[in-house]
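Read the figures in this text as sums done on the coordinates, not as results from a lab. Worth saying up front: this structure is predicted, and the values here are computed from it rather than measured. Quick reminder, even Gly has a Cβ in these numbers, built from the backbone with ideal geometry, and neighbours come from all protein chains shown.
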Amino acid sequence: MSAVLTISSKNYSSWSLRGWLLCRMAGLDFKEDLLSSDDASARAELLLLSPSFLVPCLTHNGLKVWDTLAIAEYLHENFPQAGLLPKDMAARTHCRSIAGEMHSGFSNLRSALPMNLKAHYKGFKIWAAAQGDIERITTIWRECLTQYGGPYLFGATPSLADAMYAPVATRFATYDVKLDRACADYCETILNLPEMLEWTEAARTEKAGIEELEAEF
């Protein structure tokens with residue numbers, strides 16, 4: 001039975017991107033089930049009005065798995081050779097911790113800088129609350145890149161952590177966030193992953209738009 005990953009907008013949905021990247025990193029052969037932007041639950045997720053229990057959702061071997069971290073753990077159990085989590089226990093614990101921090105935190109960044117791959121706001125004004133989130137994220141990145149040697153957060157290959165922070169790299173590009181060299185290089189590395197280039201190209205050809213996410217800043 002083919003695996004199916006239910007996602008919403010490729011332009012706007014950061015959680016869909018995370019789930020999709022994890023499936024690709026795991027080497028899972030899957031089909032996409034793309035929800036319409038008119039779907040009420042999908043819109044609620046994109047507009048940060050409520051958590052979505054629909055996206056991303058992986059159907060595989062007769063099981064349904066939703067929530068990005070649950071999908072990541074499921075994929076790690078079934079495809080351990082993919083290296084979604086580091087082999088070393090200390091590094092694996094560190095990876096889970098920063099992935100969990102991304103999963104449950106940074107609400108100011110999410111609301112002030114919503115994901116929008118088609119847009120670019122040069123000289124965007126970053127307000128203080130979102131700036132605090134940016135500083136914490138870049139601190140995480142610098143610590144990981146220094147400790148594990150890069151070019152990814154936990155070494156030579158992409159992991160759960162990179163999938164979780166990939167949408168942040170797109171936000172930093174969209175909103176012209178100024179970064180130090182190490183973080184700028186990391187963003188470039190993530191944005192040029194073949195999987196990210198594929199996703200971004202699909203996002204840019206999406207016809208549907210969400211007016212509330214296209215406001216003039």
| message | Please list, in order along region 82-87, the HN-Hα scalar couplings obtained from phi with the Karplus expression 6.51 cos²θ - 1.76 cosθ + 1.60 (θ = phi - 60°), rounded to whole Hz, x for Gly and Pro. | response | 6, x, 4, 10, x, 6
| field | Relative packing of 149-155, 122-128, which averages over residues the other C-beta atoms within 10 Å, highest first | value | 149-155, 122-128
| Given the C-alpha centroids of region 176-193 and region 67-105, what is the distance between them in whole angstrom? | 22
| Share of antiparallel DSSP beta bridges in the chain, in percent to the nearest 5? | 60
| field | Simple label model, 7 Å out from Cα along Cβ direction - residue 121 to residue 207, nm | value | 2.8
| For residue 150, residues with placed amide H under 5 Å, excluding near neighbours | 155
| task | Could you point to the residue in 172, 86, 36 farthest towards the positive end of the chain's charge dipole, with +1 and -1 charges on the Cβ of Lys/Arg and Asp/Glu respectively? | result | 86
| task | Can you tell me the equivalent ellipsoid semi-axes for the chain? Use √(5λ) from the Cα gyration tensor, largest first, whole Å. | result | 24, 24, 15
| task | Counting helices only, and only those DSSP H runs with n ≥ 4, report the 222 nm mean residue ellipticity of the chain as the sum of -39,500 (n - 2.57) divided by its residues, in deg cm²/dmol to the nearest 500. | result | -16000 deg cm²/dmol
| So what J values fall out for region 127-132 if you push phi through Karplus, 6.51 cos²θ - 1.76 cosθ + 1.60 with θ = phi - 60°, rounded to Hz, Gly and Pro as x? | 7, 4, 5, 5, 4, x
| note | Phi-derived 3J(HN,Hα) across region 168-176 with the Karplus relation (6.51, -1.76, 1.60, θ = phi - 60°), rounded Hz, x for Gly and Pro, is 5, 4, 5, 5, 4, 6, 4, 9, 6
| task | Can you check how the C-alpha radius of gyration of region 112-217 compares to 2.2 N^0.38 Å, as a plain ratio? | result | 1.10
| note | Non-local residues with an amide H under 5 Å from the amide H of residue 33, with H modelled 1.01 Å from N and Pro and chain starts lacking one, are 5, 6, 7
| query | Extension gain residue 180-residue 32, at 0.36 nm per residue separation less the Cα-Cα distance, in nm? | reply | 49.7 nm
